[in-house]
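One structure is given here, and the rest of the page talks about it.
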């Protein structure tokens, strides 16, 4: 079954165009190294929940929005091979994480096995 890396990240609305530029580069790099699919989605109908929600998960601040992203691979092994190549790619390896247009300390991410696929 396919494997998915998922991400939720807070992005300042005023830096959304910069984030989109970064996401386009990342998408190109991951797909060149074998990822099946790469998606970056910006919140459009995301409410703050009473207990938990996408905005609460990243401690969303005024002027920010939530970006929900995922990368799909053939399997966990495939993901590990692709990510090893991506991390060595100079377009990613030389990136200064202090200059990215989001707060990486509040990013949530993880790897997921596919449970159901239609």
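Would you kindly identify the strands (runs of 3 or more DSSP E) lying entirely within region 32-118 that contain at least 2 residues that are surrounded by 15 or more Cβ atoms within 10 Å (Cβ to Cβ)?
Counting at least 2 such residues, we get 37-42, 64-73.
Have a look at 4, 86, 82, 11 and point out the one that is closer than 25 Å to residue 114 by Cβ and in contact (Cβ under 8 Å) with a residue 60 or more places away in the chain.
From the options 4, 86, 82, 11, the qualifying one is 4.
Might you check whether a residue that is under 21 Å from residue 103 (Cα atoms), in contact with a helix residue (DSSP H, G or I) (Cβ under 8 Å, 6 or more places away or on another chain) and in contact (Cβ under 8 Å) with a residue 40 or more places away in the chain occurs anywhere in region 36-58?
yes
No lab work stands behind these numbers, since they all come straight from the coordinates. What you are looking at is a predicted structure, and each value in this text was computed from that prediction instead of being measured. Heads up, the Cβs are rebuilt from the backbone with ideal geometry, glycines too, and the neighbour counts pull from every protein chain shown.
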